[in-house]
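First comes the structure, then the notes that go with it.
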Amino acid sequence: MCKSIIRQFVIPLLAALLFLPLATVRSAQALTCQVNPNKVDINLSYHGATLTVTGENTAGDELIIRIGNAAGETHYKYMGKAGGFFWMKKGDVGFKNVPGVYLLYTSRDIEHLLDPAGQQANLIGYEALKAAAEMETASDELNGNEARWKEEFIRFKEHQNLYAIHSGTITRQHGAASDTYQAEVAWPYQAAPGTYTVEAMAVRNGQVVERSQVEFTVGRTGVVAWLSNLAFNRPAVYGIMAVVVAIIAGFAVGMVFRKGGGAH
Amino acid sequence: MYMYLPIALASVNYLLVIGLGLGVGLLSGLFGVGGGFLMTPLLMMIGIPPTIAAATDANQIVAASASGTYAHWRLGNVDFKMGLYLLVGGFVGGAVGVQIIKFLSATGGADFLIKMTYVVMLGLVGTFMFFESLNALRKAKNPAHVAAAAAKSAAPVEKKQGFFASLPLQTYFVKSGVTHSALVPIALGTFVGILAAIMGVGGGFLMVPVMIYMLRMPMHVVVGTSLFQIMFTCMEVTFLQCTSNKTVDFLLAILLLLGSVFGAQIGTILGKKLHGDQLKILLAILVLAVTAKIVLELVMEPSMMLAMKGGH
């Protein structure tokens with residue numbers, strides 16, 4: 001009877017007490033995330049940027065890093081045949097609940113990390129994006145084929161370098177108590193100025209168990225900011241400047257060469 | 001190596017863009033024709049949206065034509081009276097063309113119109129130049145033809161103006177030595193102004209033959225007067241594109257200008273050393289190749305089935 005009590009309750013209790021500190025240590029190892037630089041300047045020589053995402057994670061966890069901005073609405077023209085011969089922009093199509101930028105970096109293929117339900121719940125992968133997206137158009141031609149046009153939307157975004165999935169690109173180093181990770185992010189110059197979020201997710205046994213996020217900003221500076229503001233906020237001044245500079249340049253070259261420039 | 005263009009929202013290799021300007025400027029100097037009709041399609045090929053490419057090219061042409069006008073003005077080769085009439089038409093045409101682009105940008109048809117205008121105009125000019133040069137080369141090989149052509153050119157030309165002579169507001173243009181109704185250059189200027197806005201070109205490749213064959217102006221006055229008119233038309237188009245469509249990328253225009261200015265000078269020097277008709281036929285082939293490229297883009301299924309709204 002006594003032996004039975006010891007086997008059934010005391011040993012498990014002791015075992016639990018023995019491993020409790022370890023379990024506590026494991027849950028205390030919060031996932032961290034940093035991005036460097038945390039401010040990207042769009043200047044004259046801008047051609048995108050390289051961002052380094054680093055952090056610590058619980059040893060053995062798989063990782064997903066998602067970089068993007070809040071889901072919103074975006075509108076395009078869709079291509080179709082006019083008169084059965086020429087391809088041209090035919091009508092409008094909008095997509096709701098889609099991020100402007102969606103870059104995914106993972107430690108393994110997504111299929112090996114999360115099941116379809118998990119991908120959808122955490123908005124991981126293109127299938128999850130397509131499931132969350134809503135298409136809006138007045139065209140009967142498109143309405144009957146929503147899946148195909150959502151696929152076209154993803155292709156278009158990939159073509160613009162604004163959507164990308166890089167599987168197995170997170171490098172990890174195993175430490176005594178925890179792991180460290182690093183991902184090199186090729187930030188596309190096509191991404192609009194704004195605030196973006198880097199979100200790191202730790203995956204254990206097919207579940208996202210921890211999250212950590214950090215923000216960074218992309219903004220115009222110097223001549224690019226000045227010209228952009230002038231062109232859109234004071235277009236008359238911008239127009240006069242463009243004309244005057246071109247005339248001065250043309251006459252200056254004419255005076256230098258005395259024989260005239262390119263004719264029209 | 002890269003420069004970010006704040007209006008085109010593109011990062012381009014600036015050496016490539018300067019090289020494009022240099023190449024087109026070289027052709028301009030070499031063949032004595034404008035580079036605008038080649039520059040806009042080339043800019044589209046490197047990823048600049050069509051509406052930005054066309055508007056920015058107009059800005060670049062302001063500088064190129066100002067340079068040319070200055071030189072011709074010093075030589076006394078500008079008919080200011082004719083130029084002003086052409087200009088009145090050019091201003092009206094430019095304003096109409098910009099509004100057409102604005103309306104079509106909203107409906108998504110601007111890119112299609114720009115491409116179709118290029119196909120028609122380049123196709124016509126390229127074909128005409130090709131066969132004219134081919135005939136000239138054939139005749140050059142036949143001495144009998146050369147003698148006949150010389151006799152024909154020596155004979156006095158009977159000026160039959162028919163319909164033009166019946167129009168009101170007839171006026172004498174001293175510099176050109178011709179009499180026309182003021183309505184003729186105004187109408188022609190309007191037509192070229194519309195093309196300038198839609199295609200982002202000066203229209204010289206149309207204006208020069210019109211002045212020679214329809215207005216019967218002497219050759220030495222034609223180029224200077226055409227450049228004078230084009231300079232003002234493109235100034236207006238540039239300003240209106242800035243205020244109405246916000247499609248002029250000033251930095252892109254500067255890069256193109258840097259190349260085209262020097263290219264034109266190199267082309268002028270090279271042109272003096274090469275045979276004219278052979279050069280013309282080469283240019284015709286180039287023009288037709290650009291036309292074929294645009295036609296293929298229109299008839300082949302695009303790789304992307306979605307496009308940005310408004311062309312940029």
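The values are calculated or read from the model by the stated rules, or taken from the named source; none is laboratory data. Predicted model, so just to flag it, every value in this text is computed and none were measured. With ideal geometry, Cβ positions are generated from the backbone for all residues, glycine too; neighbour counts draw on all protein chains shown.
See the values below:
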read-out	value
Strands (runs of 3 or more DSSP E) fully within the stretch A:55-100 counting 2 or more residues that are farther than 30 Å from A:T32 by Cα	A:72-82, A:86-98
The stretch B:204-241 - residue that is outside any helix (DSSP H, G or I) and buried (at least 22 other Cβ atoms within 10 Å of the Cβ) and, of those, farthest from the other protein chains (Cβ to nearest Cβ)	B:L215
Residue in the stretch B:278-297 that is out of contact with any Ser or Thr (no Cβ under 8 Å at 6 or more places or on another chain), of a type in the set (A, V, I, L, M), touching a residue at least 60 places away in the same chain (Cβ under 8 Å) and facing chain A (nearest Cβ under 9 Å) present	no
Selection count, the stretch B:70-86, where residues are surrounded by fewer than 23 Cβ atoms within 10 Å (Cβ to Cβ) and more than 14 Å from every other protein chain (Cβ to nearest Cβ)	3
Scan of the stretch B:1-17 for residues that are more than 9 Å from every other protein chain (Cβ to nearest Cβ) and farther than 11 Å from B:L255 by Cα, ordered by number	B:A8
Hey, A:R204 within 14 Å of another protein chain (Cβ to nearest Cβ) and among the charged types (D, E, K, R) or not	no
Matching residues, the stretch A:164-191, being in a strand (DSSP E or B) and more than 15 Å from the chain's Cα centre (by Cα)	A:T171, A:R172, A:Q173, A:H174, A:S178, A:D179, A:T180, A:Y181, A:Q182
Residue within the stretch A:192-204 that is among the hydrophobic types (A, V, I, L, M, F, W, C), surrounded by fewer than 20 Cβ atoms within 10 Å (Cβ to Cβ), within 23 Å of the chain's Cα centre (by Cα) and assigned to a strand (DSSP E or B) present	no
Among the residues listed as B:L84, B:L26, the single one being under 17 Å from the mean Cα position of the chain (by Cα) and not hydroxyl-bearing (S, T, Y)	B:L26
Selected residue (criterion: nearest to the chain's Cα centre (by Cα)) from residues of the stretch B:44-56 that are in a helix (DSSP H, G or I) and in contact (Cβ under 8 Å) with a residue 40 or more places away in the chain	B:A54
Condition broken by B:V62, with the remaining ones in (1) modelled with pLDDT under 90; (2) more than 8 Å from chain A (Cβ to nearest Cβ) satisfied	(2)
Any hit, the stretch B:243-251, residues being of a type in the set (A, V, I, L, M, F, W, C), assigned to a helix (DSSP H, G or I) and more than 10 Å from every other protein chain (Cβ to nearest Cβ)	no
Answer residue from the stretch B:277-307, given it is in contact with a strand residue (DSSP E or B) (Cβ under 7 Å, 6 or more places away or on another chain) and part of a helix (DSSP H, G or I) and is surrounded by the most Cβ atoms within 10 Å (Cβ to Cβ) among those	B:L298
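The rows are residues; the columns are (1) farther than 21 Å from B:Q241 by Cβ; (2) among the polar types (S, T, N, Q); (3) in contact with a strand residue (DSSP E or B) (Cβ under 9 Å, 6 or more places away or on another chain).
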{"position": "B:M82", "(1), (2), (3)": "yes, no, yes"}
{"position": "B:A95", "(1), (2), (3)": "no, no, no"}
{"position": "B:I101", "(1), (2), (3)": "no, no, no"}
{"position": "B:D111", "(1), (2), (3)": "no, no, yes"}
{"position": "B:K115", "(1), (2), (3)": "no, no, yes"}
{"position": "B:E132", "(1), (2), (3)": "yes, no, no"}
{"position": "B:K139", "(1), (2), (3)": "yes, no, no"}
